[in-house]
Ligand SMILES: O=C(O)CCC(=O)C(=O)O
């Protein structure tokens, strides 16, 4: 599998703030990952909710290996630079017929990071189609940060139900249709969202947030990230070890602390919560 986003990729990403579709792995590998996720969900008693939604790569070694996979980090490094940290990851899973949606937003809004050198790789583990509520992006909207309003609306999958305070031209939006094993890359300031899942299969996307190591966390003295490519000459983020096995107790302990740190960052000035981890 090519570890590159292909010719013109950097130019396209700079212009549009997004690149898609890119093949990250063969479909059968994506199916195996989906089966592994669904086994983890069955063991957890349902979807990875609450604290398990936060940086699950620090709780499941197979996700840690995925965020480090050169077939993903290679294309990411072409747009971010040779040195790449994984700052966070989470699943966006919509059940078949699920009314859950994602309002128009820019990721950078509540993350507290000091600059825009952050790129999400969104990996499809099931068909992400117009019917299943694929991600929709508005190309070229990544050039400025716009303020957001918190709605906390029911069925909105975002932490605060935040929505960008600007008129979004629906006709300018592009559907990011992906087959299992394909991925998209999007810029941290790109306006994007998604509609409900009207298909009869789950829509499972794994969003991995990659950042350049020169960035700093502005909302907390403490933050952490995993070096996935190159070197970290800045050490602004504490390193994160690979979990030894699914939900191993040492990893759960470390994760509980990081969850508290991130709850303070993401919900600064509010009483929101990212939830808790079991155990
Ligand atoms: O999965 C979706 O529909 C939205 C994903 C998203 O908002 C993100 O990756 O930042």
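The values are calculated or read from the model by the stated rules, or taken from the named source; none is laboratory data. Because the structure is predicted, anything quoted here is derived from the model rather than measured. Neighbour counts are summed over all protein chains in view; Cβ atoms, including those assigned to glycine, are modelled from backbone coordinates with ideal geometry.
Worth pointing out:
- Within this structure, residue 78 passes the test of being in contact (Cβ under 8 Å) with a residue 40 or more places away in the chain and either more than 15 Å from the ligand (Cβ to nearest atom) or over 17 Å from the mean Cα position of the chain (by Cα) (or both).
- Candidate set from the stretch 1-20 (those that are crowded, with 16+ Cβ neighbours inside 10 Å and touching a residue at least 24 places away in the same chain (Cβ under 8 Å)); member that is farthest from the chain's Cα centre (by Cα): 9
- Filter result for residue 52 (modelled with pLDDT of 95 or more and surrounded by 13 or more Cβ atoms within 10 Å (Cβ to Cβ)): no
- Filter result for residue 122 (within 11 Å of the ligand (Cβ to nearest atom) and more than 13 Å from residue 186 (Cα to Cα)): no
This table checks each residue for (1) in contact with a strand residue (DSSP E or B) (Cβ under 8 Å, 6 or more places away or on another chain); (2) away from the ligand (no atom under 16 Å from the Cβ).
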site: 183; (1), (2): yes, no
site: 192; (1), (2): yes, no
site: 205; (1), (2): yes, no
site: 215; (1), (2): yes, yes
site: 220; (1), (2): no, yes
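- Among the residues listed as 162, 198, the single one being in contact (Cβ under 8 Å) with a residue 40 or more places away in the chain and more than 21 Å from residue 132 (Cβ to Cβ): 162
Yes/no per residue for (1) surrounded by 20 or more Cβ atoms within 10 Å (Cβ to Cβ); (2) more than 20 Å from residue 5 (Cα to Cα); (3) under 17 Å from the mean Cα position of the chain (by Cα):
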position	(1), (2), (3)
186	yes, no, yes
191	yes, yes, yes
194	yes, yes, yes
208	yes, no, yes
215	yes, yes, no
222	no, yes, no
228	yes, no, yes
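- Test result for residue 149, in a loop (DSSP other than H, G, I, E, B), more than 12 Å from the ligand (Cβ to nearest atom) and either under 24 Å from residue 12 (Cα atoms) or over 19 Å from the mean Cα position of the chain (by Cα) (or both): no
- Those strands (runs of 3 or more DSSP E) lying entirely in the stretch 165-279 with at least 2 residues within 27 Å of residue 82 (Cα to Cα): 182-187, 203-211, 226-229
- Screening residue 59 with (1) surrounded by 16 or more Cβ atoms within 10 Å (Cβ to Cβ); (2) farther than 16 Å from residue 245 by Cα; (3) at pLDDT 95 or above gives one miss only, at (2).
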